[in-house]
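The values are calculated or read from the model by the stated rules, or taken from the named source; none is laboratory data. Fair warning: this is a prediction, and the values are worked out from it, not measured in the lab. No Cβ is skipped: glycine too gets one built from the backbone with ideal geometry, and neighbour counts run over all protein chains shown. Ligands, DNA and RNA are stripped out before the accessible areas are found, and what is left, the full protein with its side chains, is counted by its heavy atoms. Shrake-Rupley method; radii C 1.70, N 1.55, O 1.52, S 1.80 Å.
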Amino acid sequence: MERSKAAAARRTPRPIRKLNKDKYLLLMVLPCLIYYLVFRYAPMFGLVISFKNYNLFKGVWASPWVGFKYYHTFLNSPDFVDLLRNTILLGVTKLVFSFPAPILLALMLNEVTVSFLKRFVQTVSYLPHFISNVVVASMVLTFLSPSTGIVNHWLKGLGFHAVNFMSEPGWFRPVYVLSEIWQHVGWETIIYLAALTAIDPLLYEAARIDGANRWRQTLSVTLPGIAPTIIILFIFNIGDVLDIGFEKVFLLASPAIYSTADIISTYVYRVGLGQGNYSYAASIDLFTSIISLIFVCTANYLARKFSDNSIW
Amino acid sequence: MRNVRLSIMSLVIGLVLLALAVSMIYPFLYMISVSLSSDKYVIKGAVSLLPRGLSFKVYDIVLHDPRIYSAYRNTFLYVLLGTALSLTVTSLGAYALSKKSMLLHSTFTYLIVFTMFFNGGMIPTFLVVRGLGLIDSIWGMVLPTAVSTWNLIIMRTFFAGFPTELEESGKIDGLNDIQVFYYLVIPTTKAIFATIGLFYAVSIWNNFYSALLYLRSQDHFPLQVVLRNIILEGQVRSTNVTSVGGDQLVVEESLKYAVIMVSTLPILLVYPFLQKYFVKGAMIGSIKG
């Protein structure tokens, strides 16, 4: 009896038995998988057109191979250096200024003992995160308008000259980064605040007994307590240095300030969709994706090596 | 002495935080005030905190603009259809992925997480969307962004904490996984559905990227595109004072702010009530899963 049951079980291979057991779960995950295959993985394979002379009418597979021709064109084009410099400078400026901002804000919120003030500041500072990039860009452009904008009203009121912020290349990066901080600083504190609540209160007590003041406690208990969160988020952010959100740069930039505001993704949009140079634009896409991936992997490797915290 | 120094520190922090809060609200108050003030005060730049010479003229113009009307209708359609679709696909997938014993569980998880670090980029994605015939249709606004990996992970983490006893009792009563999900899981985890649904609704409401890339005809444009055309491309006219409908003079600035307010108002209105759900969702997302 026992033996025949075991034999029967042996006759149906394990994966099939498992398939039968999990068939409903697999059915549930199916739409999701189809989405990822069609809209996330198919484009990755579509990158093959960057090695081909993509022809609209022939389709991806019938178009002739051209090897690294488009990569050569991009790397040798006069735009390349400017684009790479603009992209990296904007990405690094953003990283340097907007990455520490939510950490600082979370540490300050942590020091507030008046719970009403704390709640009020939190509620209000989350708000801009839910405003669209179009609205934020519109606000930036109208507030900074040289003739009617409120910022220039103030400047004139204080006796300064009006500044035409959005047509001077030098102003693009500060304006962009400031608006990014304004938009997201509050929302990004949530993760750090969550990490702060997870710190064992006993550690603070021990520190107090050892005579540490509030400042010393922040340095010795709070910061090490949220360090893993900081490292993980930093790795994620490193990947975005080249992959800066397209929408807002696109909305804020104008030809007058392309010398600082034209970045790789806006260039890809103009060349690819504007001029129909699909293969050339796709080669730039792949180039940046690979460099971003290398950034993330390197950051992750270093983080794992030196701090035991990593994404994988 | 130490106490004095401490309280000065708290005071400074409190003031910095208050200043920050003001910088977050003031722009909205200012835009509302200017758009509700009458022309002569706006031209003089005399409006700062409260509206002066209350006037609803610009709102009258904006709300009667046929572009705004059709954009509003389109945006609502995209949000309703898109949120329903995204939430269905995401919740089903997240529930299945929360079962670590599922066949190929870790393969699927790697496949999905990998897309957070590498993607095909704008042009290949565009070609796929075009190849599927989604250009210039509702589906182009809804399908390419249907699943957000972040939201999927939040839901998966949440479902992983669902009490297994309840599911097992359902299984004993003869329910399969889909029925367990429908009859037991959904009714008890409505809060996470509300939260993720809101995340999706807001991101579809704000979605400009898909509209820019995949929409062609004006009849399909959502609010964000119309807003951009009016404000950034200056389709109202780029003089300071614009005449709309004959001899009625309107200050361009008020008109722009009114358009911004009209397209942002729904979010500003629901935000205070839904804020705590948003925060809960983000908190779950911050737990490593």
Inset, instruction - Have a look at B:Leu127, B:Leu111 and point out the one that is crowded, with 21+ Cβ neighbours inside 10 Å and either assigned to a helix (DSSP H, G or I) or of a type in the set (S, T, N, Q) (or both). - result: B:Leu127
Inset, instruction - Check whether at least one residue in region A:280-302 is open to solvent by 60 Å² or more (accessible area, probe 1.4 Å) and over 17 Å from the mean Cα position of the chain (by Cα), and report yes or no. - result: yes
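Answer yes or no as to whether A:Phe45 is under 22 Å from the mean Cα position of the chain (by Cα) and under 20 Å from B:Thr115 (Cα atoms). Step through it out loud before you land on a result.
On the way: under 22 Å from the mean Cα position of the chain (by Cα): no; under 20 Å from B:Thr115 (Cα atoms): yes.
Here the answer is no, as A:Phe45 does not meet what is asked.
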Inset, instruction - Please work out which residue is surrounded by the fewest Cβ atoms within 10 Å (Cβ to Cβ), limiting yourself to region B:10-48 and to residues that are over 24 Å from A:Leu127 (Cα atoms) and in contact (Cβ under 8 Å) with a residue 40 or more places away in the chain. - result: B:Ile43
Legend entry - Selected residue (criterion: farthest from the chain's Cα centre (by Cα)) from residues of region B:148-172 that are open to solvent by 20 Å² or more (accessible area, probe 1.4 Å) and more than 25 Å from A:Tyr35 (Cβ to Cβ): B:Ile172
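A quick yes/no check of all residues on (1) of a type outside the set (A, V, I, L, M); (2) free of Cβ contacts under 8 Å to residues at least 60 places away in the same chain; (3) buried (at least 19 other Cβ atoms within 10 Å of the Cβ):
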| site | (1), (2), (3) |
| --- | --- |
| A:Val185 | no, no, yes |
| A:Ala194 | no, yes, yes |
| A:Asp200 | yes, yes, no |
| A:Tyr204 | yes, yes, no |
| A:Asp210 | yes, yes, no |
| A:Arg214 | yes, no, no |
| A:Leu219 | no, yes, no |
| A:Val249 | no, no, yes |
| A:Leu252 | no, no, yes |
Legend entry - Lone qualifier among A:Phe306, A:Phe234 - being modelled with pLDDT under 90, more than 9 Å from chain B (Cβ to nearest Cβ), part of a helix (DSSP H, G or I) and open to solvent by 40 Å² or more (accessible area, probe 1.4 Å): A:Phe306
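Would you check if B:Leu175 is open to solvent by 10 Å² or more (accessible area, probe 1.4 Å), assigned by the TED database to the domain that holds B:Tyr200 and in a helix (DSSP H, G or I)? Walk me through how you get there before you give the answer.
Details: open to solvent by 10 Å² or more (accessible area, probe 1.4 Å): yes; assigned by the TED database to the domain that holds B:Tyr200: yes; in a helix (DSSP H, G or I): no.
It is false that B:Leu175 is open to solvent by 10 Å² or more (accessible area, probe 1.4 Å), assigned by the TED database to the domain that holds B:Tyr200 and in a helix (DSSP H, G or I).
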Inset, instruction - Only helices (runs of 4 or more DSSP H) wholly contained in region A:106-209 count here; list those with 1 or more residues that are among the basic types (Lys, Arg) and touching a helix residue (DSSP H, G or I) at 6+ places or on another chain (Cβ under 8 Å). - result: A:115-126, A:169-197, A:201-209
Inset, instruction - Filter region A:81-109 down to residues that are in contact with a Ser or Thr (Cβ under 9 Å, 6 or more places away or on another chain), surrounded by 19 or more Cβ atoms within 10 Å (Cβ to Cβ) and of a type outside the set (A, V, I, L, M) and give me whichever is farthest from the other protein chains (Cβ to nearest Cβ). - result: A:Asn86
Legend entry - Residue among B:Ala146, B:Ala94 that alone is in contact with a Lys or Arg (Cβ under 7 Å, 6 or more places away or on another chain), small (Gly, Ala, Ser) and either within 11 Å of another protein chain (Cβ to nearest Cβ) or assigned to a helix (DSSP H, G or I) (or both): B:Ala94
